[in-house]
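Before any comments, here is the structure.
The values are calculated or read from the model by the stated rules, or taken from the named source; none is laboratory data. Predicted, not measured: the structure shown is a model, and the values here were computed from it. FYI the Cβ positions are ideal-geometry reconstructions off the backbone, even for glycines, and counts take in every protein chain you see.
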Ligand code: AHG
Ligand code: MN
Ligand code: MN
């Protein structure tokens with residue numbers, strides 16, 4: 001590839017700024033700050049095996065989950081980059097019980113808040129399997145200059161201005177949307193820049209991959225088990241059986257399905273009636289990206305993920321997302337099961 005043909009993330013952000021109504025340079029600078037954090041986290045993730053930063057911290061997070069050292073490193077790096085940038089007035093993170101107001105002088109009049117899952121797929125860190133970072137940006141609803149509150153974070157996903165993820169895989173990628181389609185950038189380590197590699201990602205209307213933790217099958221709604229059985233039946237007209245693919249890092253599972261076509265499912269179960277994934281940090285940003293790529297994301301029971309109004313920072317939601325036809329089919333099976341009860 002000739003150097004002259006490369007579009008860097010920084011160039012792209014500036015070029016596309018005018019497409020987002022009402023936003024100016026501050027918003028572009030905030031996206032740029034996240035791009036910087038992405039490079040630093042990528043560097044830390046890549047050398048994790050050498051730097052004694054694998055393993056547990058010995059603590060649990062607010063949700064009772066084991067915290068890895070890299071969870072904390074990624075969390076701190078993101079907050080540091082957002083604090084230095086000065087465009088973000090507060091952060092809500094999966095790793096912190098409360099919101100974190102940014103108190104640096106340069107953030108005094110900042111008008112955006114960021115929600116994030118700094119490290120997604122923690123259980124895969126120590127075994128060298130793809131992990132990610134998820135973020136979303138909203139405009140604050142409380143007055144400029146005042147202390148940010150939880151109200152700034154209890155906005156439905158349909159108010160989101162931008163959402164994206166980094167995936168630390170065979171290469172590091174940053175994929176994001178500002179509501180005008182989805183674009184993907186690959187980090188070229190030789191120049192230290194994210195370069196546009198996947199312009200205007202459109203997800204296939206249907207696919208052959210279903211991604212769900214089938215270890216929980218005994219606790220699944222009957223309609224989901226009916227769907228899984230259907231995916232596994234032999235039928236040459238519909239290319240079945242489908243392939244079951246589940247990495248256990250949502251970012252990696254959703255990224256693969258986004259490009260190839262497929263459905264990602266984290267349902268309600270008898271043990272976890274609200275599912276596992278967190279609405280603010282995981283469901284909303286990924287749902288925004290999937291919809292912007294032409295896919296569908298719902299809670300499986302008639303609600304678009306992006307229309308759910310959060311009432312708690314760490315609330316969870318069941319989620320189905322991916323290729324539209326696959327999600328619609330599973331929704332139909334779940335609905336028929338509900339009606340039969
Ligand atoms: P996190 O590492 O941020 O806690 O997220 C883990 C999530 C998600 O990435 C993944 O899809 C899911 O948990 C896996 O859960 P199960 O092991 O229950 O399938
Ligand atoms: Mn996660
Ligand atoms: Mn996480």
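List of remarks:
- Subset tally (residues that are surrounded by fewer than 24 Cβ atoms within 10 Å (Cβ to Cβ), within 13 Å of ligand 1 (Cβ to nearest atom) and modelled with pLDDT of 95 or more) for the stretch 97-123: 1
- Residue 41 meets each of the listed conditions (1) under 24 Å from residue 315 (Cα atoms); (2) within 14 Å of ligand 3 (Cβ to nearest atom) apart from (1).
- Some residue of the stretch 127-137 being away from ligand 2 (no atom under 16 Å from the Cβ) and modelled with pLDDT of 95 or more: yes
- Qualifying residue in the stretch 220-241 (condition: touching a residue at least 12 places away in the same chain (Cβ under 8 Å), assigned to a loop (DSSP other than H, G, I, E, B) and under 18 Å from residue 323 (Cα atoms)): yes
- Looking only at residues of the stretch 40-55 that are free of Cβ contacts under 8 Å to residues at least 40 places away in the same chain and surrounded by 14 or more Cβ atoms within 10 Å (Cβ to Cβ), we find that the one that is farthest from ligand 1 (Cβ to nearest atom) is 43.
- Some residue of the stretch 251-261 being in a loop (DSSP other than H, G, I, E, B), touching a strand residue (DSSP E or B) at 6+ places or on another chain (Cβ under 8 Å) and closer than 27 Å to residue 125 by Cα: yes
- Filter result (in contact with a helix residue (DSSP H, G or I) (Cβ under 7 Å, 6 or more places away or on another chain) and either buried (at least 16 other Cβ atoms within 10 Å of the Cβ) or outside any loop (DSSP other than H, G, I, E, B) (or both)) within the stretch 124-141: 125, 130, 131, 132, 133, 134, 135, 136, 137, 138, 140
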